[in-house]
Amino acid sequence: MIVYNLFPLLAGRFSAWVPHIERAAAMGFDWLFVNAVQRPGASGSVYSIASYFELNPALPDPADPRSGEDQLRSVLAEGRDRGLRPMVDLVIDHCAADSELVSENPEWLAFDSAGELIHPSFEEGGKTVVWVDVAQFDHRGTSDPGGLYEYYLAVVRYLLGLGFEGFRCDAAYRVPPELWRRLIADTQAERPDTVFVAETLGCSPWSTLATASAGFDYVCNSSKWWDFRSPWLLEQRALIGHRVASIGFPETHDTPRLADEQGANPEALKLWYLFTALFSAGSLMPIGFEFGFRRSLHVANSRPEDWETPSVDLCQFIAAVNRLKASQPIFSEESPVIALPCPNPSVLIMWRGSARHGQEALLFFNTDFWRDQYVEVGDLRAFVQSDRPLVDVSPEFQMDVIAVTPFSYLLRPGQGLVLVTAS
């Protein structure tokens with residue numbers, strides 16, 4: 001999955017989505033992920049859903065005589081015609097605290113001993129953050145588990161009927177695996193090609209494994225937060241990679257913009273996109289990353305007026321990375337990854353090997369986004385098992401001839417060098 005995240009509050013009305021879809025298709029993405037599109041509660045957050053069977057009124061174009069549902073089906077078909085399969089958020093951990101469900105089906109929701117709604121919470125920076133605008137579904141304690149499950153299944157069928165073909169399951173780790181197992185199995189029995197992606201940000205590897213065991217096609221990984229040195233990311237990959245494929249990303253709607261974190265340095269944006277695309281079987285990029293946007297996406301307050309004047313245009317580079325990822329089988333699976341020793345601490349060298357495809361890759365990343373860095377190794381052949389020639393498939397500055405013994409190269413700031421064994 002090479003996923004473009006069209007954030008609906010920034011993109012605006014359905015009638016305004018087509019240029020974004022065309023740009024995503026031109027960059028070589030093959031999935032279009034749209035955040036939750038249902039009617040939100042009073043907070044306006046797309047993740048605080050008040051009505052699961054109505055669309056967010058901010059999205060249909062009032063000038064279009066068609067229903068909002070038909071407008072959405074039409075624009076998703078535009079994407080599908082351009083090779084973009086549509087995916088949407090599935091939010092079943094919680095609903096809006098002011099949803100009609102609170103009064104109509106209180107048995108589905110969790111209440112404390114005082115009879116007050118329980119709001120989901122999480123720990124951040126040593127503090128407990130409570131989502132007061134949402135109410136927790138009582139997945140394990142409800143007196144009507146059959147009715148609650150049938151409601152979830154009806155939500156899935158409604159979204160599939162709108163034209164979506166996959167789901168990013170929000171806060172998947174907070175929903176019992178047995179519920180996911182049943183929901184995924186029942187959905188795929190009706191629609192075998194439906195894809196389920198588990199949002200597992202902030203989870204331990206063990207929690208991620210428990211969630212993945214429910215039958216998810218992908219989980220999210222934490223490559224965005226790696227420092228290119230610490231062992232934890234490769235340890236997580238070793239624990240999880242043999243069980244389920246993962247999706248990496250340089251930023252999401254939940255994180256600060258990378259351009260803001262990196263001072264709008266385009267070389268940093270390029271390196272992070274390349275790294276996260278090649279580290280994982282799947283990759284994801286939110287709208288605006290291609291233009292170096294610095295204003296974070298907001299689940300309630302983003303609007304089309306927040307569209308920024310582009311500081312860079314990385315569309316051609318991203319397209320080159322996506323072509324590379326799609327054309328080399330080793331980068332479409334969760335194959336083993338090893339960090340190799342390098343005398344230059346600013347250069348990361350990684351090896352990937354695929355027994356399934358009989359292919360290996362050597363990756364050189366200059367993690368210094370401001371200066372050239374020199375790398376030298378005695379013999380590239382010592383790093384690979386295959387006797388096949390090495391080919392440079394880098395998105396930029398490809399070498400026609402690779403001198404393997406000795407190998408030396410001056411990496412530009414933030415440059416990634418991608419060598420694969422010839423097929």
The size of the Cβ-based charge dipole (Lys, Arg +1; Asp, Glu -1) of region 338-421 about the Cα centre, to the nearest 20 debye, is 240
So for R0 = 30 Å, FRET eff. of Ala114-Asp144 from the Cβ-Cβ r, to 0.05, ends up at 0.85
Helix 315-327 sits off the longest principal axis of the Cα atoms of the chain, rounded to the nearest 10 on a 0 to 90 degree scale, by 80
Note: region 338-421 at 20 °C, 1.002 mPa s; Kirkwood Rh on alpha carbon pairs; Stokes-Einstein D in µm²/s works out to 164
Contour minus Cα-Cα span, Lys127 to Val401, at 0.36 nm per residue, comes to 93.2 nm
Karplus-derived 3J(HN,Hα) from phi for region 183-197 (6.51 cos²θ - 1.76 cosθ + 1.60, θ = phi - 60°), whole Hz, x at Gly and Pro, runs 5, 5, 5, 5, 5, 6, 5, 8, 10, x, 8, 5, 9, 10, 10
In region 337-423, the GluC sites (Glu not before Pro) that sit in a DSSP loop and have at most 16 other Cβ atoms within 10 Å of their own Cβ are Glu396
Full extension between Ser74 and Ala382 adds, at 0.36 nm per residue less the Cα distance, a length in nm of 105.5 nm
If R0 = 51 Å, then Asp227 and Arg66, at their Cβ-Cβ distance, give a FRET efficiency to the nearest 0.05 of 0.55
Ranked from fewest to most other Cβ atoms within 10 Å of their own Cβ, Val384, Val46 fall in the order Val384, Val46
Any lysines whose Cα falls less than 16 Å from that of Lys325, other than same-chain ones fewer than 8 residues away, would be Lys270
Tilt, helix 266-279 to longest principal axis of the chain (alpha-carbon atoms), in degrees rounded to tens, equals 80
Helix-only [θ] at 222 nm, the chain, -39500 (n - 2.57) per DSSP H run of 4+, per residue, nearest 500, equals -7500 deg cm²/dmol
Counting only DSSP beta bridges with both partners in the chain, the antiparallel fraction in percent, to the nearest 5, comes to 60
With DSSP loop assignment and no more than 15 other C-beta atoms within 10 Å, the trypsin sites (Lys or Arg not before Pro) in region 126-211 are Arg140
Among [x] 36, 30, 25; [y] 53, 24, 21; [z] 40, 23, 20, the entry matching semi-axes √(5λ) of the Cα gyration tensor in Å as calculated here is [z]
Counting only DSSP loop positions in region 336-406, the chymotrypsin sites (Phe, Trp or Tyr not before Pro) whose Cβ has at most 14 other Cβ atoms within 10 Å are Trp370, Phe397
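None of the figures in this text is laboratory data; all of them are computed from the coordinates on show. Please read these numbers as outputs of a predicted model, since none were measured by experiment. Positions of Cβ are backbone-derived with ideal geometry, glycine not excepted, and every protein chain shown enters the neighbour counts.
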